[in-house]
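Below: one structure, written as structure tokens.
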């Protein structure tokens, strides 16, 4: 026979109270909440930087964080860069391209851990820690996008993951994902700066400090892919008289590039394209200097010459052979028309210690003519008096002769091939240049045969050389 259990009214009331209390406890845990809402300040659901020019520098976007909590326990907000900003080709921005900092005073209760610029990286970053009571709070974070100058253009996407997690509680965490987007545009351009204010390279062979001139080429903004810069003469370098300057007389050398490679050995200008710069593999921003200088102009006709140097770029996002700039080239080649004598005579020729019945005495002179006038010329000589000693004794004309000889490779015509007597006050043509009036060199051999009755001593006369256009 089963026993019969009898409950008193007080026992029933106690059970009901226990059930009610347990229901309240479970109800509290069921209703306790820890929630996160993220609102980009400009609206929408993504952190969208839209179109970003490489020249924009730093672009800031504010994000509002609203945290709701009634768990009564401390919590914190963790940030993780779930996906770095990456374009369609799989190229990512450097991690330090995205930084975050908090707007001071935007929170009420807790503490923010990013009061200054903090790079956003792949690991866990604590952004915010609540008060001990775990009160609800809100604050503003600023996410700054800093795009490198050599960043590949394109549409970049990434993701940030934010997790609210209790510090000492079994309450579930809450994670919210924020998408990031940015379209990087390339607004690259080239700056070509000459050493003068008029976009001209001025070179002057007669002034040492003007025999060279620098041109700075600045590549502003990266092009994303490798490219190269070439230069060429747009047309021959001509003078006002129509004379053409040999372009090999103009030298250039490039230097001081940081990212790419330059033509760092001396080369000559040409009417054909010459590569002066090759960028890095990503077409990074860069700058370099091209120095133009004068070479040997001795074979060039005097005058003021002018031409244009064109700079072309190809590769990267540029069209093939795209013109990026032109500078004017002006060269001053002053008139040169002079004569030099070796050894220097000081205008006199002298024969020492002459004696009767002495063998002939010879004296050699080298005459060098520097000329760029482009016209034929001649060299003549004249003596102002016969050879005379200190006592005034003169030597007859027939005893003093001269002849001309080639020195190395003489281009012009020698006019005194055999010993010829030098007449007093009579001009004698020694040499006639080639038709181009080229610079030249020749020798004059003077010879004196003392007469049998010569009075011993030193004899001299004054020689006058003339250089004349024909």
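Readers should treat all values here as calculations from the given coordinates under stated rules, not as data from a laboratory. Since we're looking at a predicted model, the values are computed, not measured. A quick note on method: Cβ atoms are made from the backbone with ideal geometry, for glycine too, and the neighbour counts reach across all protein chains shown.
Tabulated data
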quantity	calculated
Value of [θ]222 nm, deg cm²/dmol, for the chain, DSSP H segments ≥ 4, -39500 (n - 2.57) each, nearest 500	-1500 deg cm²/dmol
Residues 41, 399, sorted so that the one with the fewest Cβ neighbours within 10 Å comes first	41, 399
Taking N as its residue count, the alpha carbon Rg of the stretch 378-431 over 2.2 N^0.38 Å	1.32
Debye-sum result for the stretch 265-304 in log10 I(q)/I(0), which assumes one identical scatterer on each alpha carbon, at q = 0.35 Å⁻¹	-1.26
Cα extents of the stretch 369-463 along the three principal axes, largest first (Å)	48, 21, 17
Cα convex hull of the stretch 309-428, projected area averaged across orientations, nm²	13.4 nm²
Least to most buried among 167, 290, 409, 52 (fewest other Cβ within 10 Å first)	409, 167, 52, 290
Rel. contact order, % - alpha carbon contacts under 8 angstrom, at least six apart, the chain	12 percent
Spin-label model distance (nm) - residue 101 vs residue 436, 7 Å beyond Cα toward Cβ	6.9 nm
Relative frequency of Cα-Cα separations exceeding 39 Å in the chain, percent	60 percent
Computed E for residue 117/residue 35 - FRET, C-beta separation, R0 22 angstrom, nearest 0.05	0.15
Cα pair distances of the stretch 65-185 binned at 10 Å [whole percent]	13, 41, 29, 13, 4
Coordinate range along principal axes, alpha carbons of the stretch 189-333, Å, largest first	47, 27, 27
Contour excess over end-to-end distance, with Cα ends at residue 268 and residue 198 and 0.36 nm allotted per residue	22.8 nm
Length-normalised contact order of the stretch 189-333 in % [C-alpha pairs under 8 Å, at least 6 apart]	33 percent
Sequence of 301, 384 once ranked by neighbouring C-beta atoms within 10 Å, starting from the fewest	384, 301
Additional length obtainable on full extension of the chain from residue 353 to residue 366, 0.36 nm per residue less Cα span	2.3 nm
